[in-house]
Protein chains: 4
Amino acid sequence: MAGNSFGSTFRITSFGESHGEAVGVVIDGCPPGIEISVEEIQAEIDRRRTGQSDLTTPRAEKDIIHILSGYFESRTTGTPVALVAYNEDVRSEDYLNMKDKYRPSHADFTYDAKYGFRDWRGSGRASARETLARVAAGAIAQKYLKQQGIEVVSSVQSVGDIEAELDVENMTRSDVEANEVRCADQEKAQEMATLIREVRDDDDSIGGVIQTVVRGVPAGIGDPVFDKLEADLAKAMLSINATKGFEIGSGFSGTKMRGSQHNDEFTEENGKIKVVSNNAGGVIGGISSGADVVFRTAFKPVSTIGKKQNTVTTEGELTELEAEGRHDPCVLPRAVPIVDAMTAIVIMDHILRQKTIS
Amino acid sequence: MAGNSFGSTFRITSFGESHGEAVGVVIDGCPPGIEISVEEIQAEIDRRRTGQSDLTTPRAEKDIIHILSGYFESRTTGTPVALVAYNEDVRSEDYLNMKDKYRPSHADFTYDAKYGFRDWRGSGRASARETLARVAAGAIAQKYLKQQGIEVVSSVQSVGDIEAELDVENMTRSDVEANEVRCADQEKAQEMATLIREVRDDDDSIGGVIQTVVRGVPAGIGDPVFDKLEADLAKAMLSINATKGFEIGSGFSGTKMRGSQHNDEFTEENGKIKVVSNNAGGVIGGISSGADVVFRTAFKPVSTIGKKQNTVTTEGELTELEAEGRHDPCVLPRAVPIVDAMTAIVIMDHILRQKTIS
Amino acid sequence: MAGNSFGSTFRITSFGESHGEAVGVVIDGCPPGIEISVEEIQAEIDRRRTGQSDLTTPRAEKDIIHILSGYFESRTTGTPVALVAYNEDVRSEDYLNMKDKYRPSHADFTYDAKYGFRDWRGSGRASARETLARVAAGAIAQKYLKQQGIEVVSSVQSVGDIEAELDVENMTRSDVEANEVRCADQEKAQEMATLIREVRDDDDSIGGVIQTVVRGVPAGIGDPVFDKLEADLAKAMLSINATKGFEIGSGFSGTKMRGSQHNDEFTEENGKIKVVSNNAGGVIGGISSGADVVFRTAFKPVSTIGKKQNTVTTEGELTELEAEGRHDPCVLPRAVPIVDAMTAIVIMDHILRQKTIS
Amino acid sequence: MAGNSFGSTFRITSFGESHGEAVGVVIDGCPPGIEISVEEIQAEIDRRRTGQSDLTTPRAEKDIIHILSGYFESRTTGTPVALVAYNEDVRSEDYLNMKDKYRPSHADFTYDAKYGFRDWRGSGRASARETLARVAAGAIAQKYLKQQGIEVVSSVQSVGDIEAELDVENMTRSDVEANEVRCADQEKAQEMATLIREVRDDDDSIGGVIQTVVRGVPAGIGDPVFDKLEADLAKAMLSINATKGFEIGSGFSGTKMRGSQHNDEFTEENGKIKVVSNNAGGVIGGISSGADVVFRTAFKPVSTIGKKQNTVTTEGELTELEAEGRHDPCVLPRAVPIVDAMTAIVIMDHILRQKTIS
């Protein structure tokens, strides 16, 4: 069983290589009657697009999304929705010098180890361009969730050592979109931008953390014991290129607390049971509690850098490499919409799943 | 689709409540011909058992594992392997005072929200007793992996603020089993034990981190783009009770590094390509690199504590609760075999999956 | 991926060998709140039990069903329901002479070809005893369906050349249970019984056909293009031991008709659209039409017979075999509850699936 | 969970409507390194194409297949293979008169019942045009199987009352392609063609049966107890438009036989165990025996006919309908490549699955 599908009820299947004909996604299990325009999907795609600012790679894909199926008179029909973007600004020659040299910490080597050979053009399937498919599917999920009063907001939390102070409860999509870094803390965003430019000018790269909040999730979704909501979110996040960690609620820092501090007491408000604090991050025992779902995802620095590095050829001979091609010095700004998309897909999937038992 | 199965080729289905008749697991896709004795499985179960030391709950389950199927003449047969442990030392009356009061940060409330009602005896399905099923299945996976030269070693890394210094490359299962905390750093283990006893005597609980290394994983396993090896490990870990975080390789700390520091250069040794450093934690682009797979899992403090807490009744009325029942002040020592088991299940599953494409 | 699970939302996983410890089933995705007693499940098991009459094998299993999990205060809880029957009247010595000789048309040979070896006692996993697990799960499905006004009635349609005249629209479970053959045509049932006794006395076996009707299925269930209702029913039926064919509605005879004869015209009755005829067998384009779902399943004669046959040893040497052991001369009477069970499982699964899109 | 994916290891996901942008398929789990040209895929597509002869609908789609991903330097890469054909000769206006009238025995009504509304143009998702996706995926499966020495040959067995005499053991793809009916019995093929023309000229349609043989399947594939080889074949066949029945080996006629006649004795030939007869149709207990896999699939007459019929409007009012549009009077000739494709997909899937246990 291969690994290019995700979700059990709202199920996406991703396909495509960076420099092949197209990247795309098929959504099976999309309920009928969701009203959405191609422009609404395109808007999410555009958030992930390259060339938005000087912080991102200059590869200038237009990334026009096309709806091939499952769509009629402005609504989803309940049959599979296929979304595709054809590859256009392809410069495979940039990759010729990396065809026979393994980039350190890049998937060139492991793809060869797994499949015996690989489409080396533009990183092939391992390219972050694949995430375009997720963003397209996520746009539909976000539209569906919005109609249920659920919204997903992700913001850059840190870049390198620069840590934002995020008002997680109140930050909005507009706060995030107000700057090129996609950090809801406008001041820190400027510092982050400066750091990213420094790193870029140094032919290097830098990592960071994205924080996500999902508001309006009803109590009761998530499927123990394996498909706990946090487990599926963790998988979703760790399936995104360059991620190395995930924590929900108190996360790693919560491990230092006592139960008496960490426990979220229950109280009652307007006839509804709710938690006073939210160290749990909105999920208890794998099931949503009705509180905001809050989690963080760690992104390592991009592996493809212009700086000279030691490596080996595909034949195992020692060599050096200065990567060409057009790459982001920091993936965080463009990763925000990907995190939003994968989050929405997980939440929507579990909302649909819950319908089968209630 | 419910969530009680895990894995795609080596696929386990868990069942059972804490105070029901039994907990157990069915493994479908277990290859034929694995030689294993019931005692070998029991040995892993015993590592997870209660009452091993004064650091764990005094509930004294014997947890005898029975093989019901898929096993003949000391070998697995290729048909489903059902493993079951009958519940014995059940004292449901301990839970009577929690039947109508929601324990803070416990799944009582969310199970009611999801299913409409719940088996409240001994935490029902949300009890960590469920993980016994995972440990049983994991014992078979570990035996299989051992025959392929792969070993999984997990150790407690921290309890509260006490951080062990682990020699991740060399630590052994014996180092871990040498003390009641299951921490391969023998000195810190003593400090941790002292802390856990303090916390216990204070009717409180404490969290911590477990670090895991898997040695001998061949390059090439893991299934991008969604079933990346780290994604499935993250899901496996976040599906364990009380976990709040997962990081692989450099994890969250790697987000502060530059690409030029973080990248693991390739070199050649005896005709084999390998990495010089291992910030990746053994996985590049979702596929194993042949280096050790190294990750950490965060556990929050146990929610059920003896200390008085504010909460609500199932009817939503404010009340107070001092939990009775027999609970661990710190889950870490008993969580080590669970982490080992889930890790082995993920690795074995991906090794079998790789056979379909090679 | 192994093949011991069936269904996508109401999903059963079967385990167990004929002469191992137990046979059983885990149901994942069973909705909470289904009221059912263990006696109701036992009643279905008893319909499948051996030794009911002199038409069936004298192996006298009591087949006591136990509910191990997912059940509290007489209701399903929404967590996995494990049902198990321990093997008791086991006489493995009867199989010693077949341990090293392949029974013609029996799975001994193919199990060896697949797995390398097999549990030869009592046919192991290939024994029809496995279907007990399906009947147990099907009892819950039938209870659920009944509450939705849906009923499944299967009747023996033919044994050898003897063909019943079934009033498919009106036949009831009581009609079927009124004779030992389980044929709703009481007269033909007697002829069938006579034939089965003749065949039995001749150390031989005989096949037949079962016809099934499902009444009350709402229009709209079934999931094109692959999980069409008839496709899942066909798979369910062909997964039962000894089946060789499936047809729905007009089936093979419909291939001889013109479209103008075969088409079922639509009409209107009390504001509801319905079909005038039902050559479709209740399913159009893979989706239920609201009409009765009607299909037939073909069972070959049982392969294990007392008559002398030519065969080979497991080493490939020519030999002869007169099978011992206790076997049914005709599986049809005991297959009726199995067909009912698998039918109910398919229908319930699709009803739950439909909830995710409406 | 929706139903547009099929297979577990070689897994296809189909998408597309008849008059939407495109129909296509994504194959996940396709092994790397299969050499195949786009022309080889196109050749299979062309067998299914309309307008091949006057026996088929005059809709003259060119059906050009495009490979969008998972393909590099003439080989599959192991990543998802997306194949797509854009819809061109679309005349949606032909369907305007059926937009508000339910065609008898057509899925218009049931799609509305299921999804609430539908893309009515050209039958939308229920159009047989969807099977193009299957044929494309099946072309790759057939290429893979050929390299393993396995071939699939399907032939029309009957049209209406005209029954061919097929030499199942020896019939070839060339025999089948030698006439426009795709029947390996050249004489009967002429009679069938005559009948189809008569039926066509009468604005009516006619059904028939296709027989399939798969040669070279190794003993040991198929996954009991639910994913038996015949169960997956039955599902595959019943998922094809207009099918109403499936039988393997002796099928329905075998139900009239005694076990002593029906059993296939084992013998030995050149050190290999094999069956003397093949009433089983190549599958025993759900697992291939090494003998030819032989089965038959029943197709009803096409529902869309020019003849006047009674029906209702979407509002439930009684009306009459004379269907326009361009339709096949008999689907059999064009269904042969679809049956070949689905058969190859099932066999390939099970061959890959078998690798995980051996």
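Among the trypsin sites (Lys or Arg not before Pro) in segment C:262-308, those placed in a DSSP loop whose Cβ has at most 13 other Cβ atoms within 10 Å are C:LYS308. Per-residue mean of foreign Cβ neighbours for B:114-124 is 6 (Cβ atoms of other chains, 10 Å radius).
Taking a Cβ cut-off of under 10 Å around B:GLY245, the surrounding Lys, Arg, Asp and Glu residues balance to a net charge of +1, with basic ones at +1 and acidic ones at -1. The heavy atoms of C:LEU229 present about 0 square angstrom of accessible area, all protein chains included, probe 1.4 Å. Across chain D, Cα-Cα distances exceeding 35 Å account for 24% of all pairs.
Compute the Cα gyration tensor for segment A:62-181, then decide on rounded, prolate or oblate, letting a ≥ b ≥ c be the square roots of its eigenvalues: rounded whenever a/c is under 1.5, prolate when a/b is larger than b/c in the other cases, and oblate in all that remain. Numbers along the way, then the final one.
Values: a/c = 2.49, a/b = 1.28, b/c = 1.95.
Note, shape of segment A:62-181 comes out oblate.
Once a ≥ b ≥ c are taken as the square roots of the eigenvalues of the Cα gyration tensor of segment C:229-271, is the result rounded (a/c under 1.5), prolate (a/b larger than b/c) or oblate (a/b not larger than b/c)? Verdict is oblate for segment C:229-271.
Kindly express, to the nearest 10 degrees and within the range 0 to 90, the angle between helix D:332-355's C-alpha long axis and the longest C-alpha principal axis of chain D. So the helix axis and the longest Cα principal axis differ by about 40 degrees. Within segment B:2-22, the residues that become at least 30 Å² less accessible when every protein chain is included than when their own chain is isolated (1.4 Å probe; DNA, RNA and ligands ignored) are B:ALA2, B:GLY3, B:ASN4, B:SER8, B:THR9, B:ARG11, B:THR13, B:PHE15, B:GLU17, B:GLU21. On the beta carbon distance between C:THR314 and D:GLN186, with R0 = 41 Å, the FRET formula returns roughly 0.40.
The label point for B:LYS62 and the one for B:THR172, both projected 7 Å from the Cα toward the Cβ, are 3.3 nm apart. Relative to the dominant Cα principal axis of chain B, helix B:229-238 is inclined by about 10°. Spin-label model, B:LYS99 to D:GLU39: label points 7 Å out along the Cα-to-beta-carbon direction sit 7.8 nm apart. Other residues whose C-beta falls under 9 angstrom from the C-beta of C:PHE10 contribute a net charge of 0, scoring Lys and Arg +1 and Asp and Glu -1. Distances between equivalent label points of B:SER53 across the copies, with each point positioned 7 Å along Cα→Cβ, amount to 5.2, 6.6, 8.1 nm, shortest listed first. Residue ranking by accessible heavy-atom surface, 1.4 Å probe, largest first, among C:ARG134, A:ARG11 comes out as A:ARG11, C:ARG134.
By accessible area of protein heavy atoms, probe 1.4 Å, what ranking do B:VAL293, D:VAL275 get, highest first? Let's see the in-between values first.
Details: B:VAL293 0, D:VAL275 25 Å².
Output order, biggest surface exposure first: D:VAL275, B:VAL293.
Counting heavy atoms of the protein chains alone, C:HIS327 has an accessible area of about 50 Å² for a 1.4 Å probe. What separates the Cα centres of segment C:260-287 and segment A:219-238 is a distance of 43 Å. Checking every one of the trypsin sites (Lys or Arg not before Pro) in segment C:231-261 against DSSP loop status and a limit of 11 other Cβ atoms within 10 Å picks out no site at all. Relative to the other identical copies, B:GLU88 shows label-point distances of 2.4, 7.1, 7.4 nm, where the label point lies 7 Å from Cα along the Cβ direction and values run shortest first.
When nucleic acids and ligands are ignored and a 1.4 Å probe is applied, C:ARG47 ends up with an accessible area of around 20 Å². Placing a label point 7 Å from Cα along the Cα-to-Cβ direction at C:PRO218 gives distances to the equivalent points in the other copies of 1.7, 4.8, 5.1 nm, listed shortest first.
Net charge within 12 Å of D:LEU233 by Cβ-Cβ distance, Lys/Arg positive one each and Asp/Glu negative one each, not counting D:LEU233 itself? Before the final figure, lay out the partial values.
Details: positive: C:LYS235, C:LYS244, D:LYS228, D:LYS235, D:ARG296; negative: D:ASP227, D:GLU230, D:ASP232, D:GLU247, D:ASP349.
Counting the neighbours of D:LEU233, the net charge comes to 0.
Cross-link partners for B:LYS114 among the lysines, with Cα-Cα distance under 19 Å and sequence neighbours closer than 8 places in the same chain left out: A:LYS228, A:LYS272, A:LYS274, A:LYS355, B:LYS99, B:LYS101, C:LYS355. Rounded to the nearest Hz, the phi-derived 3J(HN,Hα) couplings of segment B:73-82 under the Karplus curve 6.51 cos²θ - 1.76 cosθ + 1.60 (θ = phi - 60°) are 6, 6, 10, 5, 9, x, 8, x, 9, 9, where x marks glycine and proline. Mean residue ellipticity, 222 nm, helices only, chain C: the sum of -39500 (n - 2.57) across DSSP H runs of n ≥ 4, divided by residue count and rounded to 500, is -8500 deg cm²/dmol.
Within the accessible area of segment D:118-174, the carbon and sulfur atoms contribute 41%, probe 1.4 Å, all protein chains present. Oblate is the label for segment A:1-133. Its Cα gyration tensor axes, ordered a ≥ b ≥ c, give a/c of at least 1.5 and b/c at or above a/b.
The angle between the Cα long axis of helix C:131-147 and the main principal axis of chain C comes to about 20°, on a 0 to 90 degree scale.
Among C:ALA22, C:ALA113, C:ALA126, the largest mean-square fluctuation in a Gaussian network model of chain C, built with springs joining Cα atoms closer than 10 Å, belongs to C:ALA113.
The values are calculated or read from the model by the stated rules, or taken from the named source; none is laboratory data. This one's a predicted model, so the numbers in the text were calculated from it and none came from an experiment. Ideal geometry is used to build each Cβ from the backbone, glycine not excepted, and the neighbour counts take in all protein chains shown. Side chains are part of the model used for accessible areas, which takes the heavy atoms of the whole protein and leaves out ligands, DNA and RNA. Shrake-Rupley method; radii C 1.70, N 1.55, O 1.52, S 1.80 Å.
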